[in-house]
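Okay, so here's the structure we're looking at.
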Amino acid sequence: MLRFITILLTVSALLPAATIAEKTVGLTKMDGFLPLYWDAKGGKMFLEFGKLDEEFLYYSSLPAGLGSNDVGLDRGQLGRPHLVRLERNGPKVLLMEQNERFRAVTGSAAEKRAVEQSFARSAVWGFTVEAESDGRILVDATNFFLRDAHGAVETLKTAKQGTYKVDPTRSMFYMDRTKVFPRNTEVEVTLTLTGEASGGFVRSVSPSTESITIREHHSLVALPEPGYKPRRHDPRSGYFGTSFMDFSTPFTEPITQRLITRHRLEKRNPNAVVSDAVKPIIYYLDNTTPEPIRSALLDGARWWAQAFEAAGFRNAFQVEILPEGPDPMDARYNMIQWVHRSTRGWSYGSSITDPRTGEIIKGHVTLGSLRVRQDYLIAEALLAPYDGNQRVSTAGREMALARLRQLSAHEVGHTLGLAHNFAASAKDRASVMDYPHPFVGLPSVGAPALSDAYAVGIGDWDKVAISYGYGQYPNATDETAALSGLLRAATDRGLEFISDEDARPGGGAHPRAHLWDSGSNAVDELKRILKIRARALARFGENNIRQGAAMSTLGDALVPVFLLHRYQTEAAAKVLGGVEYSYALRGDGQTIAKMVPAAEQAKALQALLHTIDAKALTLNESILGLLPPRANGYAATREQFRGNAGLTFDSLAPAEAAANHTIGMILHPQRAHRLVEQHGRNAKIAGFAEVVDQLISATWKAQRLNGLQMEVQQKVEQVVLYHLMALTAGDSHSGAVRAIANLKLQQLSEYAKGLTGARLAQGRFAVQQIERFMRDPKLPTVPKPVEPPPGQPIGCEDDSRVGLVF
């Protein structure tokens, strides 16, 4: 009897003691998709679930961030969506994330079960049932919400900024933004992370490094209504894709299925050439955005209406100011947010996507507010506009706003599903999905011109891409054939699509796919940019800064004009050892892969060598005399050239940094290997050995100059020596490249032994260092060259630095 009573008591303890109504007496109910019950006295949040087997989306976001681009915890940042459902056993309920990467789409129930059991799932959280009524359950979700769901602690650790943890005593629910709607439940919390900082980024933005208080947001969202028709991904189309393995496909067919990501958009009249949309795509601009920024962002984002009209939709894409009341983190609103940081950095276009189909549920754009200031700085550097008492450069202001329009369109494009198209600049700026360098005109006299710095409106490629992703065809149309024909017609018009992995500097090889470049021919444009740079440097002086500005700030304006050619140099470098190719499909008629002709490669090398000519890299005394040490209260930053002269401006550092940039591109190990390979295939193409010979002839063996120009020559020579050593020492580099680099070092040593007079010290240093390196070729023995101030807004391997947007 006693045993029976014990078992009965144990079972009773495992069962909910009350109904939901009884358990929630006195609590504030927020009804909707997944109802919430707020216990104001106890500081607890209860969550009510209905159907346990019903899937929904869960994701976190960051409504109030850290403010440091270097760390990467920005206001408005979205987390990864999780497709989840509940599983219950007795009083225990698990929130289980489904594994959508492996499926059996058309298989039987048994096939689907076999796939599900073959791959792991992830339990996001575990709850205990507090009460239940009519098949619905109530759980205490306090700890679920009051945790670091967004991974801020791990992000700080990865950025080497310290070890932190959530302090429950300094964390609480943020009720102003905790709301429930018919198809989504939104919960926001204030979290305080405590610990000890080990990096400088936290110190630069937080009142205390011991205590960092941010806000995290939880969104629980109903899956989209049925009716969305996925569209297959085509590598030529310009879309991001989502992929999965479908084990129900016949073994004679590809097992990996690929879908594009896009919003749901349908015509009211599917058979009409142009029709209104059943439900338009609406984006909302952050109502905290000031003028004239606000108008520029609205204008740029609204350009996409042109592309949707070309795809057959009327009034299908709209952009409005977010009214008072709605929460930017609410899953129902596509947002464009204007975000402040302590340093400049990337802007982002991200989205929440249904992992089953690729349907975009929420688009969210994050635009960093400091980047517009860099565009204005570039204008000041090029124009030297302050020849009177004016406080604002009108041309610079208009250029910066033109860039904002383009940036707004670009990031919104990502949230529509579009990837970068870095070949667009070679076809008359055919896409806002490229990274555009400002087009700088060169009048016969006077300042460079910026009236046409950035394109206006959507590009021809963008219209093709939107038509591919969103175009709707009458029911009798063969959609696959129509879409393929659309892309083939674009190719026939000379439009290309080349994206991220093929366009990055360094080892990139495509002759037309570049970041921040201009012109149809990378080499010709480099030559033109160098002329603009020379004109701007000849005019550089006090007129580049406003009246009353600290003279030491002139160094800030020097960086973008001295390095004006940096991105076009990267573009021209990819012609050297370059390969012209496309994302071709069999039978589509596109270029598959062919080497850049020998003559074009030779022209590229000569243009690159011109960028390291000492005459082009030596600053005039008229400029150097205007660059004092940093003024009191104006601390040195990563925005300026860094050198070896202590407080005073190092006149050799800009030249060394620029030469390091070019030579690093010429002697990139992957490019070097391609040169070896291409020369073997076509003897007319200069091999790597010949390229190194020409590099040494243009530097070590060049005609000697005098004064500061000679010192610049010697800096450039040391940079060449460093990179040849780095090629020889690199274990991961190809044997052929290492062998050639090793031989060229030995030959250079023999040449250096014969240097005399003013070059005696340089020659003996080179011989000594090469001999020392040959005995122990692990690392270069010469000093590492000065790096340019970071260019792209992404931060560098050195976590004390961050990039600029030129």
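The values are calculated or read from the model by the stated rules, or taken from the named source; none is laboratory data. Bear in mind that the values here come from a model prediction, so they are computed numbers and not experimental data. Here Cβ is always computed from backbone atoms with ideal geometry, including for glycine, and neighbour counts include all displayed protein chains. All accessible areas refer to the heavy atoms of the entire protein, side chains included, with ligands and DNA or RNA removed. Shrake-Rupley method; radii C 1.70, N 1.55, O 1.52, S 1.80 Å.
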With a cut-off of at least 3 residues that are surrounded by fewer than 20 Cβ atoms within 10 Å (Cβ to Cβ) and in contact (Cβ under 8 Å) with a residue 24 or more places away in the chain, name the helices (runs of 4 or more DSSP H) lying wholly within region 504-574.
-> 522-538
Matching residues in region 39-63 (surrounded by fewer than 18 Cβ atoms within 10 Å (Cβ to Cβ) and of a type in the set (Gly, Ala, Ser)) number 4
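Go through region 169-187 and give me each residue that's aromatic (Phe, Trp, Tyr), part of a strand (DSSP E or B) and touching a strand residue (DSSP E or B) at 6+ places or on another chain (Cβ under 7 Å). First the steps, then the outcome.
First, pick out the residues of region 169-187 that are aromatic (Phe, Trp, Tyr): 173-174, 181.
Filter again for part of a strand (DSSP E or B), leaving 173, 181.
Across region 169-187, the qualifying residue is only PHE173.
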Taking into account only those residues within region 307-337 that are open to solvent by 10 Å² or more (accessible area, probe 1.4 Å) and in a strand (DSSP E or B), which is nearest to ILE361 (Cα to Cα)?
-> ASN334
If you take the residues in region 92-121 that are over 28 Å from LEU34 (Cα atoms) and β-branched (Val, Ile, Thr), which one is surrounded by the most Cβ atoms within 10 Å (Cβ to Cβ)?
-> VAL115
Select from region 188-231 the residues that are charged (D, E, K, R), touching a residue at least 60 places away in the same chain (Cβ under 8 Å) and not in a loop (DSSP other than H, G, I, E, B) and list them in ascending order.
-> GLU188, ARG215, GLU216
Any residue at all in region 682-698 that is of a type in the set (Ser, Thr, Tyr) and surrounded by 22 or more Cβ atoms within 10 Å (Cβ to Cβ)?
-> no
Just one of (1) in a loop (DSSP other than H, G, I, E, B); (2) under 30 Å from PHE244 (Cα atoms); (3) in contact with a strand residue (DSSP E or B) (Cβ under 8 Å, 6 or more places away or on another chain) trips up GLY126, so point out which.
-> (1)
Restricting region 760-788 to residues that are open to solvent by 20 Å² or more (accessible area, probe 1.4 Å) and under 14 Å from VAL720 (Cβ atoms), the residue that is modelled with the lowest pLDDT | PRO780
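Only one residue in LEU66, LEU94 is free of Cβ contacts under 8 Å to residues at least 60 places away in the same chain and among the hydrophobic types (A, V, I, L, M, F, W, C). Which one?
Details: LEU66 fails: free of Cβ contacts under 8 Å to residues at least 60 places away in the same chain.
Matching residue, one of LEU66, LEU94: LEU94.
Among the residues of region 656-675, are any among the aliphatic types (A, V, I, L, M) and open to solvent by 40 Å² or more (accessible area, probe 1.4 Å)?
Residues of region 656-675 that are among the aliphatic types (A, V, I, L, M), as a first pass: 657-659, 663, 665-667, 672, 675.
This time we only want the ones that are open to solvent by 40 Å² or more (accessible area, probe 1.4 Å), so: none.
No, there is no match, as no residue in region 656-675 is among the aliphatic types (A, V, I, L, M) and open to solvent by 40 Å² or more (accessible area, probe 1.4 Å).
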Answer yes if at least one residue in region 232-241 is open to solvent by less than 20 Å² (accessible area, probe 1.4 Å), in contact (Cβ under 8 Å) with a residue 60 or more places away in the chain, under 30 Å from HIS410 (Cβ atoms) and among the hydrophobic types (A, V, I, L, M, F, W, C), and no otherwise.
-> no
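Residues being assigned to a loop (DSSP other than H, G, I, E, B) and crowded, with 23+ Cβ neighbours inside 10 Å: count how many of those fall in region 455-469. I'd like the intermediate steps shown before the answer.
First pass over region 455-469, keeping only residues assigned to a loop (DSSP other than H, G, I, E, B): 455-459.
From the residues that got through so far, the ones that are crowded, with 23+ Cβ neighbours inside 10 Å too are 458-459.
Number satisfying all stated conditions: 2.
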Index of the failed condition, ASP452 passing every other in (1) open to solvent by 20 Å² or more (accessible area, probe 1.4 Å); (2) out of contact with any Phe, Trp or Tyr (no Cβ under 8 Å at 6 or more places or on another chain) | (2)
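For every residue, the table says whether it meets (1) in contact (Cβ under 8 Å) with a residue 40 or more places away in the chain; (2) buried (at least 22 other Cβ atoms within 10 Å of the Cβ); (3) in a strand (DSSP E or B); (4) not β-branched (Val, Ile, Thr).
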{"residue": "THR343", "(1), (2), (3), (4)": "yes, yes, no, no"}
{"residue": "ALA379", "(1), (2), (3), (4)": "yes, yes, no, yes"}
{"residue": "ARG391", "(1), (2), (3), (4)": "yes, no, no, yes"}
{"residue": "ARG403", "(1), (2), (3), (4)": "yes, yes, no, yes"}
{"residue": "GLY413", "(1), (2), (3), (4)": "yes, yes, no, yes"}
Test: residue in region 626-634 that is part of a helix (DSSP H, G or I) and open to solvent by less than 40 Å² (accessible area, probe 1.4 Å) | no
Kindly indicate whether TYR164 is open to solvent by 30 Å² or more (accessible area, probe 1.4 Å) and of a type in the set (Phe, Trp, Tyr).
-> no
Do we find a residue being basic (Lys, Arg), in a helix (DSSP H, G or I) and surrounded by fewer than 22 Cβ atoms within 10 Å (Cβ to Cβ) anywhere in region 578-592?
-> no
Can you pull out the residues in region 598-622 that are more than 28 Å from GLY687 (Cα to Cα) and crowded, with 19+ Cβ neighbours inside 10 Å?
-> THR618, LEU619
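Among the residues of region 141-154, count how many are open to solvent by 40 Å² or more (accessible area, probe 1.4 Å) and not charged (D, E, K, R).
Filtering region 141-154 for residues open to solvent by 40 Å² or more (accessible area, probe 1.4 Å) gives 143, 146-147, 154.
Retained after the next criterion (residues that are not charged (D, E, K, R)): 143, 146.
So the count comes out to 2.
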Tally the residues that are within 30 Å of ASN644 (Cα to Cα) and either without any contact (Cβ under 8 Å) to a residue 60 or more places away in the chain or of a type in the set (D, E, K, R) (or both), restricting the search to region 721-740.
-> 5
Could you give every pair whose Cβ atoms fall below 8 Å, whose first residue belongs to region 772-785 and is touching a residue at least 40 places away in the same chain (Cβ under 8 Å) and on the phi < 0 side of the Ramachandran plot, and whose second residue is in a loop (DSSP other than H, G, I, E, B) and among the polar types (S, T, N, Q), counting only separations of at least 6 or pairs across chains?
-> PHE773/THR781
Identify all residues within region 64-85 that are of a type outside the set (Lys, Arg), part of a strand (DSSP E or B) and open to solvent by 10 Å² or more (accessible area, probe 1.4 Å); write none if there are none.
-> ALA64, GLN77, LEU78, HIS82
Residue hits (region 482-498; touching a residue at least 24 places away in the same chain (Cβ under 8 Å), part of a helix (DSSP H, G or I) and among the charged types (D, E, K, R)) are ARG488
Starting from region 350-375, take each residue that is more than 22 Å from GLY72 (Cβ to Cβ) and list its partners that are polar (S, T, N, Q) and part of a helix (DSSP H, G or I), counting only C-beta distances under 8 angstrom and pairs at least six apart or across chains.
-> ILE360/THR415
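Residues are listed down the side, and each one gets a yes or a no for (1) free of Cβ contacts under 8 Å to residues at least 60 places away in the same chain; (2) among the polar types (S, T, N, Q); (3) touching a strand residue (DSSP E or B) at 6+ places or on another chain (Cβ under 7 Å); (4) closer than 30 Å to THR256 by Cα:
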residue: ALA40; (1), (2), (3), (4): yes, no, yes, no
residue: GLY76; (1), (2), (3), (4): no, no, yes, no
residue: LEU83; (1), (2), (3), (4): no, no, yes, yes
residue: ALA110; (1), (2), (3), (4): yes, no, no, yes
residue: ALA120; (1), (2), (3), (4): yes, no, no, yes
residue: ILE137; (1), (2), (3), (4): no, no, yes, no
Mind listing whichever residues of region 638-678 are within 30 Å of ALA598 (Cα to Cα) and outside any helix (DSSP H, G or I)?
-> LEU667, HIS668
Does any residue in region 631-647 that is more than 20 Å from LYS715 (Cα to Cα) come within less than 7 Å, Cβ to Cβ, of a residue that is surrounded by 16 or more Cβ atoms within 10 Å (Cβ to Cβ) and of a type in the set (Asp, Glu) six or more places away or on a different chain, and which pairs are these?
-> GLU639/ASP556
